[in-house]
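Student: After the structure tokens below, expect a handful of questions from me.
Since every read-out is calculated from the coordinates, none of them should be taken as a lab result. Please read all numbers here as calculations on a predicted model, not as lab measurements. No Cβ is skipped: glycine too gets one built from the backbone with ideal geometry, and neighbour counts run over all protein chains shown.
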Amino acid sequence: MNRMIIFLVIALATGTAHASGLPFFPNTNVPDYTAKLVVRDTLDGKDNWRVVQHHNGWTHVEETQGDETHIW
């Protein structure tokens, strides 16, 4: 009986753990690279954030300009 209780406690403890990140379960569906950069407009001097991700031959660009977000 004690072995059954110990087994159930260990099973519950390991079953509820969040081990989805490295090094437990490596995910092969990660981007080739991700770059986050600041784009400075030379005319008005404003800075915008741009995030570039490249994966499987595709490039995803997301730029934030004030309250707007543009995706290419």
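Student: Which FRET efficiency value, to the nearest 0.05, do you get for GLN65 and ASN29 by plugging their Cβ-Cβ distance into 1/(1 + (r/R0)^6) with R0 = 22 Å?
Tutor: Once the sixth-power term is evaluated, E becomes 0.15.
Student: Counting C-alpha atoms alone, how compact is the stretch 25-68: give Rg to one decimal and Dmax as a whole number, in angstrom.
Tutor: 13.8, 47
Student: If you don't mind, there's one more thing I want to ask. Using modelled amide H (1.01 Å from N, peptide plane; none on Pro or chain starts), what sits under 5 Å from the amide H of GLN65, excluding residues fewer than 5 places away?
Tutor: Close amide H contacts, sequence-distant or interchain: HIS70.
Student: Kindly state, to the nearest 0.05, the FRET efficiency for TRP58 paired with VAL38, given R0 = 22 Å and r defined as their beta-carbon distance.
Tutor: 0.40
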